[in-house]
Amino acid sequence: MKDLYSFPHDFTWGAGISAYQTEGGVNAGGRGVSIWDEFEKKKSIRNKHSASVACDFYNRYASDLRSVKWLGLSHFKTSISWPRIQPSGKGNINKAGADFYDRLTDEMLEQGIEPWYVAYHWDLPAELQKKGGWTNRDTVFRFLDYCDLCFGLLGDRVNNWIVMNEPLVFVGAGYFMGIHAPGRRGMNNFLPALHHVNLANAQGIKNLKNLGAKHVGTAHSFASIHPSTKLDVDIKAANRVHLAINQSFIDPMLGYGYPTEKLPFMKKIERYWEQNDGQLLLASPDFWGVQVYTREIVKYAWWMPYIQARIISAKSRKKIVSSIGQEVYYPALSEVLDWFIQHKASDTPVYITECGISMQESFLEQPFDDTYRIEYYQNVLETLKPHIQNSNVKGLFYWSLMDNFEWAEGYFAPFGLFHVDFKTLKRTPKKSAEWVRNLLGQ
Ligand code: GAL
């Protein structure tokens, strides 16, 4: 490590991508349709972009893994596409889809890269959505069957499992705001989805551990929440937002239950509650994945339904914003860790399972000059220092190995260390890739 303090020698350094954002090959090998394929058809993606080819990782994985090695990283995180291995979300494994993950895993191991697989990074089979998707309790059971398939396929070679990626985002954006697949809105979709996802997440962890998986965790997104003033009403408003976005998806697992006292709208979750759910929601992962992209400033707003609070956008606060409108605020991750490490009240290790930024270099004349990204990482790593030394933060995965399909933003928001030309699919290391390579002493 040249320009930073030393990280422990056993610190895990990795890079990540996800299946839907990079693989393409949506019709290859009998893959089923996912809710994101359907969402795209409704022209819900910025510039009507599509992930049908994306980075073509489906065919180019071997050379992309060589890029991981080139960076000096020996851990790689991606997700399994549920509809690729179980096209309708039910029944036997799809052999051709399973073969892809077989080949991918073998290639990682051959290249000396340790695989980390996310079981669910948002691409629910569309067939399950026809029956309500995560609003339907049956999806929990479908998900557990699917986890069995994943472990049966790769469990002999893969130690590291992340059951879900960012439940807050796919439930909040997909079942409350309608801006992500499957495009559902409102509390009547949000509450059942919240509860069923929490059940699936906890049961998924237990299931994989029972099957013999060695290192099982789950990854959550958090934001650092600040009140807009020191007034009591704003502090309380910020606290409600904190509970809603940072705690609703972890507290049931930790045994704290849903924060219904301060968020009375959540009481309606009782409608979806069955006997023993309190037990079923508990789980002790081997590690927690923490993903933090920004901070939010919150103000009391009596007219806002449910929460009587509003987030003041970073743009209106005249802050530097990322290409997806988030404030660029380096201490966010360490502020969240300060809180989370205390809140979880255990020694369970933490991995920063995503860490990244995007400011649209693809549209600049010098698309490889992402000096701002280097600055971002330098500053974030600096703020991590006390946590690396004093707490159980064990690793960090750069998001992302390469530019990819950024969900509702399409290709508008490039997060990669490698630039991808989406016409030719050529990959080129950006300045930040050189920096990562240098940092690790290549
Ligand atoms: C996360 C998500 C990733 C990626 C990233 C950048 O919320 O897990 O898939 O999109 O944000 O915005």
- request: Scan segment 187-200 and give yes if some residue there is surrounded by 16 or more Cβ atoms within 10 Å (Cβ to Cβ), in contact (Cβ under 8 Å) with a residue 24 or more places away in the chain and in contact with a strand residue (DSSP E or B) (Cβ under 8 Å, 6 or more places away or on another chain), otherwise no.
  value: yes
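Per-residue answers, yes or no, for (1) at pLDDT 95 or above; (2) open to solvent by 30 Å² or more (accessible area, probe 1.4 Å); (3) within 30 Å of Glu40 (Cα to Cα):
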{"position": "Ser362", "(1), (2), (3)": "no, yes, yes"}
{"position": "Glu365", "(1), (2), (3)": "no, yes, yes"}
{"position": "Asn390", "(1), (2), (3)": "no, yes, no"}
{"position": "Glu409", "(1), (2), (3)": "yes, yes, yes"}
{"position": "Leu417", "(1), (2), (3)": "yes, no, yes"}
{"position": "Val420", "(1), (2), (3)": "yes, no, yes"}
message: Return the pair list, or none, for Cβ contacts closer than 6 Å from residues in segment 14-39 that are within 18 Å of Glu127 (Cα to Cα) and within 10 Å of the ligand (Cβ to nearest atom) to residues that are among the aliphatic types (A, V, I, L, M) and open to solvent by less than 20 Å² (accessible area, probe 1.4 Å), at least 6 apart or on different chains.
response: Tyr20/Ala51
statement: The one condition Val169 fails out of (1) surrounded by 21 or more Cβ atoms within 10 Å (Cβ to Cβ); (2) under 15 Å from the mean Cα position of the chain (by Cα) is (1)
query: Can you name the residue in segment 379-407 that is within 18 Å of Ala15 (Cα to Cα) and of a type in the set (Asp, Glu) and is also nearest to the ligand (Cβ to nearest atom) among such residues?
result: Glu406
query: Which residues, taken from segment 428-442, are under 15 Å from Val68 (Cβ atoms), surrounded by fewer than 17 Cβ atoms within 10 Å (Cβ to Cβ) and touching an Asp or Glu at 6+ places or on another chain (Cβ under 9 Å)?
result: none
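Return the only residue of Gly416, Gly410 being assigned to a helix (DSSP H, G or I) and either within 16 Å of the ligand (Cβ to nearest atom) or free of Cβ contacts under 8 Å to residues at least 40 places away in the same chain (or both).
Gly410
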task: Hey, can you tell me all the residues within segment 258-295 that are open to solvent by less than 30 Å² (accessible area, probe 1.4 Å) and over 20 Å from Cys355 (Cβ atoms)?
output: Tyr258, Pro259, Leu263, Met266, Ile269, Asp277, Leu281, Ala283
Single condition His226 does not satisfy, out of (1) over 25 Å from Cys150 (Cα atoms); (2) crowded, with 22+ Cβ neighbours inside 10 Å; (3) more than 16 Å from the ligand (Cβ to nearest atom): (2)
query: Of (1) farther than 30 Å from Val216 by Cα; (2) open to solvent by 20 Å² or more (accessible area, probe 1.4 Å); (3) without any contact (Cβ under 8 Å) to a residue 40 or more places away in the chain, Glu327 satisfies all except one. Which?
result: (2)
- request: Go through Arg66, Arg46 for me and flag whichever is open to solvent by 10 Å² or more (accessible area, probe 1.4 Å), in contact (Cβ under 8 Å) with a residue 40 or more places away in the chain, under 22 Å from Asp102 (Cβ atoms) and not β-branched (Val, Ile, Thr).
  value: Arg66
message: Give all pairs with beta carbons closer than 8 Å in which a residue from segment 115-134 that is open to solvent by less than 10 Å² (accessible area, probe 1.4 Å) and among the charged types (D, E, K, R) meets a residue that is within 16 Å of the ligand (Cβ to nearest atom) and not in a strand (DSSP E or B); count only pairs at least 6 apart in sequence or on separate chains.
response: Asp123/Ala19; Asp123/Tyr20; Asp123/Ile35; Asp123/Trp36; Asp123/Ser81; Asp123/Trp82
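The values are calculated or read from the model by the stated rules, or taken from the named source; none is laboratory data. None of these values were measured; they are calculated from a predicted model. We place every Cβ from the backbone using ideal geometry, glycine too, and count neighbours over all the protein chains shown. Each accessible area value is taken on the protein alone, full model and side chains, heavy atoms only, with ligands, DNA and RNA left out. Shrake-Rupley method; radii C 1.70, N 1.55, O 1.52, S 1.80 Å.
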